[in-house]
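First the structure, in the form of structure tokens, and then the observations on it.
The values are calculated or read from the model by the stated rules, or taken from the named source; none is laboratory data. A quick note: this is a predicted structure, and the numbers were derived from the prediction, not measured. Here the Cβ positions follow ideal geometry from the backbone for every residue, glycine too, while neighbour counts run over all protein chains shown. Areas reflect the complete protein model, heavy atoms only, side chains present, ligands, DNA and RNA absent. Shrake-Rupley method; radii C 1.70, N 1.55, O 1.52, S 1.80 Å.
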Amino acid sequence: MSDQRSFDDRDGWIWFDGKLVPWREANIHVLTHALHYASSVFEGQRAYAGEVFKLTEHSTRLRKSASILGMELPWSVEEIDQACRETLAANKLEDAYMRPVAWRGSEQMGVTAAKATPHLAIACWPWGAYFGEEAIRKGLRLDISPWRRPAPYTAPTDSKASGLYMICTMARQVAEGRGYDDALMFDWRGRVAEATGANAFFIRDGVIHTPTPDCFLDGITRRTVMDLARRRGIEVVERAIWPEELESFEQFFLTGSAAEVTPVAEAGPWKFEVGDLTMQLRKDYLDLVNRRNSNS
């Protein structure tokens with residue numbers, strides 16, 4: 001079960017700029033650049049049986065995200081990998097969610113960030129099903145977000161940057177206020193994009209269709225599930241998907257490090273079944289991460 005306490009008041013250890021510090025002491029100043037100008041990037045990753053799944057891919061993406069924002073981290077991929085392992089061990093966790101986050105510090109205030117020093121912290125904690133166990137059985141109910149994913153020429157959409165999640169938080173807040181679990185977001189063109197924190201897949205006549213990730217992250221879990229489907233001989237098509245096509249799909253599921261593989265029963269006016277293929281891919285994914293936690 002997930003700890004229901006506030007995230008600033010927990011026992012444990014957080015890796016912070018090269019050393020493990022007590023959880024409650026892992027603090028930053030109120031004038032930290034990232035707090036004011038969203039100069040921050042992060043990863044979401046899960047450990048299963050004491051190993052972070054595809055750890056090196058996550059650490060590589062973290063450094064890439066920072067670089068896209070013009071923030072060169074002084075820690076190598078290998079050093080970030082090792083720091084993640086140290087954090088997991090220090091907290092004596094086998095199955096956990098892990099959050100590495102890099103940000104610009106408080107050395108400078110203003111839009112410019114030339115003198116703001118990069119920092120890195122890594123925390124981990126127990127976290128069960130992201131949307132809860134009932135959602136896995138019944139499928140999620142998604143609202144249609146009034147906010148859209150931005151064009152790649154207006155925002156660093158290849159980066160897992162915290163600033164890009166502002167509209168995700170707003171979209172989910174609206175959805176939850178309307179009684180939904182989450183929201184489906186379209187892109188700036190009006191095409192189907194993703195949920196607020198997970199990639200989208202649709203099934204019709206045994207073929208899987210997924211939006212081309214040209215303005216949102218090509219998720220690590222997304223690629224893993226596509227590979228699992230193809231191993232089963234299932235055709236996977238990446239393409240533009242328009243909202244009017246949603247009524248023709250039979251199944252719909254989300255993927256992400258936190259969400260894993262979660263079925264969707266409803267998205268706005270469209271209904272879907274929690275079908276066998278969706279649940280088979282969920283099982284395949286969970287079997288993979290619990291059996292073989294490799295970086296390959």
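At-a-glance table
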| read-out | value |
| --- | --- |
| Near pairs, Cβ below 7 angstrom, 6+ apart or cross-chain, from the range 145-168 (within 25 Å of ARG99 (Cα to Cα)) to any residue that is among the small types (Gly, Ala, Ser) and assigned to a helix (DSSP H, G or I) | SER159/SER65; LYS160/SER65; ALA161/SER65 |
| Looking only at the range 51-82, and only at residues there that are among the small types (Gly, Ala, Ser) and under 20 Å from the mean Cα position of the chain (by Cα), the one that is surrounded by the fewest Cβ atoms within 10 Å (Cβ to Cβ) | SER67 |
| Scan of the range 147-197 for residues that are in a strand (DSSP E or B) and among the hydrophobic types (A, V, I, L, M, F, W, C), ordered by number | TRP147, ALA161, ALA183, LEU184, MET185, PHE186, VAL192, ALA193, ALA195 |
| ARG231 over 20 Å from ALA171 (Cα atoms) and open to solvent by 60 Å² or more (accessible area, probe 1.4 Å) | yes |
| Any hit, the range 210-220, residues being on the phi > 0 side of the Ramachandran plot and touching a residue at least 12 places away in the same chain (Cβ under 8 Å) | no |
| Close pairs from the range 7-31: first closer than 22 Å to GLU79 by Cα, partner of a type in the set (D, E, K, R), Cβ under 6 Å, at least 6 apart | TRP23/ARG10 |
| Candidates THR169, THR157, THR196 - the one that is open to solvent by 30 Å² or more (accessible area, probe 1.4 Å), of a type outside the set (A, V, I, L, M) and closer than 25 Å to ARG61 by Cα | THR169 |
